[in-house]
Amino acid sequence: MASSEVESLKSLLNIASILALVFGIILIIWGAITIIVLVGIVPLIFGIVDIIIYLQIKEIIGLVERGRYKEAKNKTMIWMIIGFILGGVLIGIILLIAYLKYDTIIRQRAVSVAPPPPG
């Protein structure tokens, strides 16, 4: 059961990272094209933030693969908030769903690692 939850979590993180990469590239291109007008700076900044989110999600996936779920959960929360504010609502929502899955995984891991009762 925990394995399917972890795979589901990794899938959500992969989807969020792909969206962050795509949005980042599109916004950087859009910002570079419109940089002549001062308006182009905003999409350029949002695009750079999306690329940073993409890179951070890759690190989070590495933490999940090493079984460091609490650390991955904390890092996901930070990038979820940044995702909502600067990365796009869709990325933030997907990271929120991933964030909520950590509780189930951490709880299942604690139950499976708990020592048997004495007696």
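Among the residues of segment 83-102, count how many are open to solvent by 50 Å² or more (accessible area, probe 1.4 Å) and closer than 21 Å to Ile45 by Cα.
Qualifying residue count, segment 83-102: 6.
Does Ala32 meet the test of being closer than 15 Å to Ser8 by Cα and either touching a helix residue (DSSP H, G or I) at 6+ places or on another chain (Cβ under 9 Å) or buried (at least 17 other Cβ atoms within 10 Å of the Cβ) (or both)?
no
Which condition number in (1) open to solvent by 20 Å² or more (accessible area, probe 1.4 Å); (2) modelled with pLDDT of 90 or more is the one that Ile53 fails?
The one condition Ile53 does not meet is (1).
If you check every pair at least six apart or on different chains, which have Cβ atoms under 7 Å apart with a residue in segment 1-29 that is under 21 Å from Ile41 (Cα atoms) first and a residue that is open to solvent by less than 40 Å² (accessible area, probe 1.4 Å) and not in a helix (DSSP H, G or I) second?
What qualifies is Phe23/Gly88.
Between a residue in segment 50-70 that is closer than 27 Å to Leu27 by Cβ and any residue that is aromatic (Phe, Trp, Tyr) and part of a helix (DSSP H, G or I), which pairs come within a Cβ distance under 8 Å, given they are 6 or more apart or on different chains?
Matching pairs, first to second residue: Asp50/Phe23; Ile53/Trp79; Gln56/Trp79; Ile57/Trp79; Ile60/Trp79; Leu63/Tyr69.
Can we say Lys73 is of a type outside the set (Phe, Trp, Tyr), touching a Ser or Thr at 6+ places or on another chain (Cβ under 7 Å), under 12 Å from Leu9 (Cβ atoms) and surrounded by 15 or more Cβ atoms within 10 Å (Cβ to Cβ)? Before you say what the answer is, go through the steps one by one.
Numbers: of a type outside the set (Phe, Trp, Tyr): yes; touching a Ser or Thr at 6+ places or on another chain (Cβ under 7 Å): no; under 12 Å from Leu9 (Cβ atoms): yes; surrounded by 15 or more Cβ atoms within 10 Å (Cβ to Cβ): yes.
No, not satisfied.
The values are calculated or read from the model by the stated rules, or taken from the named source; none is laboratory data. Since we're looking at a predicted model, the values are computed, not measured. With ideal geometry, Cβ positions are generated from the backbone for all residues, glycine too; neighbour counts draw on all protein chains shown. Just the protein is used for accessible areas: all its heavy atoms, side chains included, with ligands, DNA and RNA removed. Shrake-Rupley method; radii C 1.70, N 1.55, O 1.52, S 1.80 Å.
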